[in-house]
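S.K.: Dropping a structure here in structure tokens format, bear with me for questions.
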Amino acid sequence: MGSEPRLKIYDVNLPKIVLLWILSVLVILCRNCLEILEQMSQEDEEQLLEELKNLNSEENHLIQELENVEEKRRKVANDLAKVRAETDRLNQEEAQYQREYSEFKRQQLELDDELKSVDNQMRYAQIQLDKLKKTNVFNATFHIWHSGQFGTINNFRLGRLPSVPVEWNEINAAWGQTVLLLHSLANKMELRFQRYRLVPYGNHSYLESLTDRTKELPLYCSGGLRFFWDNKFDHAMVAFLDCVQQFKEEVERGDTGFCLPYRMDVEKGKIEDTGGSGGSYSIKTQFNSEEQWTKALKFMLTNLKWGLAWVSSQFYNR
């Protein structure tokens, strides 16, 4: 920006009256200055010089203090910048720690949920294990009962009557369950049968002769005319009765107080009702009535039920 033009007394463009006025003012000022200077003594001059010296010294002192203050200000500003930087770093670390804490907390909650789930599964498994410990495997697997004149195993009827012609598929299935039961009881007692080997094979179970490995005695039948002329089925039932008798004798060797409710005569293939009517009933089908055959099978199942109860009491949970 340009400065305002100063008034010059030699400016020829000024009016003469103005020039004269300016000159008169200057003359008056000069006279006053001269008067003041004339009135000042030597002592006053020295005093003024001393004051000027003191003012200069004070000025230097103030300048030094100002420099010191400025230096302190710069130092404080530098320290403040460092503190702010440290604060920013700590804030970032705090934010990072907060994120890590939140993540760890989430994982902890997930692990707590998983632990609770595992605890619940463990409690459920323990409950099931306790139930299994109290459950007898044989009793749970083989249910021997009766249905009218029929003995039943796992709800399969063993036998047939003229008034109730049970299908052979059901009878064969009942024999399969019966063979499996005696086979399981023998294995539990580590009993090896003489003369025969039981082969559980569902509704086509059979016995294998130990003296003639090629000889199989089927414990299944399909009925028809062949049923009346083929006696292998009868031989198989007698052989099975022989195995039941061997099981009874093995139990009696370890428990003299053990006895079965029905006496078995393996040579004749009959079961005697010694505690009841006293009659004996053939386990064969040939030259036998269906009523007597069915009753013999019912008595045989009853004997097996007693054997099952004895094994369960001796080998419970073992």
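S.K.: If you go through the stretch 265-276, how many residues are open to solvent by 50 Å² or more (accessible area, probe 1.4 Å) and under 15 Å from Thr294 (Cβ atoms)?
M.R.: 1
S.K.: Just one of Phe228, Phe247 is modelled with pLDDT of 95 or more and out of contact with any Lys or Arg (no Cβ under 9 Å at 6 or more places or on another chain); which is it? Full working, then the answer.
M.R.: Values: Phe228 fails: modelled with pLDDT of 95 or more.
On inspection, the qualifying residue turns out to be Phe247.
S.K.: For the stretch 249-299, which positions are of a type outside the set (Lys, Arg), without any contact (Cβ under 8 Å) to a residue 12 or more places away in the chain and under 20 Å from Gln194 (Cα atoms)? Before you say what the answer is, go through the steps one by one.
M.R.: First, pick out the residues of the stretch 249-299 that are of a type outside the set (Lys, Arg): 249-252, 254-262, 264-267, 269, 271-283, 285-294, 296-297, 299.
Filter again for without any contact (Cβ under 8 Å) to a residue 12 or more places away in the chain, leaving 249, 252, 254, 256-257, 259, 267, 272, 276-279, 287-289, 292.
Those that are of a type outside the set (Lys, Arg), without any contact (Cβ under 8 Å) to a residue 12 or more places away in the chain and under 20 Å from Gln194 (Cα atoms): Glu249, Glu252, Gly254, Glu267.
S.K.: So which residues in the stretch 197-209 are open to solvent by 50 Å² or more (accessible area, probe 1.4 Å) and in a strand (DSSP E or B)? Let's see the steps before the verdict.
M.R.: Within the stretch 197-209, the subset open to solvent by 50 Å² or more (accessible area, probe 1.4 Å) is 197, 201, 203-204.
Scanning the stretch 197-209 gives Arg197, Tyr201, Asn203.
S.K.: While we're on this one: Checking Arg253 against (1) in contact with a Leu (Cβ under 6 Å, 6 or more places away or on another chain); (2) exposed (fewer than 13 other Cβ atoms within 10 Å of the Cβ); (3) among the basic types (Lys, Arg), only one condition comes out false. Which one?
M.R.: (1)
S.K.: Name every residue in the stretch 277-291 that is among the hydroxyl-bearing types (Ser, Thr, Tyr), open to solvent by 40 Å² or more (accessible area, probe 1.4 Å) and modelled with pLDDT under 90, in order of residue number. I'd like the intermediate steps shown before the answer.
M.R.: Our first condition is that a residue be among the hydroxyl-bearing types (Ser, Thr, Tyr); within the stretch 277-291, this holds for 277, 280-282, 285, 289.
Adding the requirement that they be open to solvent by 40 Å² or more (accessible area, probe 1.4 Å) leaves 277, 280, 289.
Matches in the stretch 277-291: Ser277 only.
S.K.: May I pose another question? Evaluate the following for Ser163: is it in contact with a Phe, Trp or Tyr (Cβ under 7 Å, 6 or more places away or on another chain) and among the polar types (S, T, N, Q)? Please lay out each step first, then the result.
M.R.: Details: in contact with a Phe, Trp or Tyr (Cβ under 7 Å, 6 or more places away or on another chain): no; among the polar types (S, T, N, Q): yes.
In short, no.
S.K.: Ok, one more. Does the stretch 154-164 hold any residues that are touching a residue at least 12 places away in the same chain (Cβ under 8 Å) and closer than 20 Å to Thr285 by Cα, and which are they?
M.R.: Of the stretch 154-164, the ones touching a residue at least 12 places away in the same chain (Cβ under 8 Å) are 154-162, 164.
Residues satisfying the conditions are Phe156, Arg157, Leu158, Gly159, Arg160, Leu161, Pro162, Val164.
The values are calculated or read from the model by the stated rules, or taken from the named source; none is laboratory data. Keep in mind it's a predicted model, so treat the numbers as computed, not measured. Please note: Cβ atoms are built from the backbone with ideal geometry, for glycine as well, and neighbour counts cover all protein chains shown. All accessible areas refer to the heavy atoms of the entire protein, side chains included, with ligands and DNA or RNA removed. Shrake-Rupley method; radii C 1.70, N 1.55, O 1.52, S 1.80 Å.
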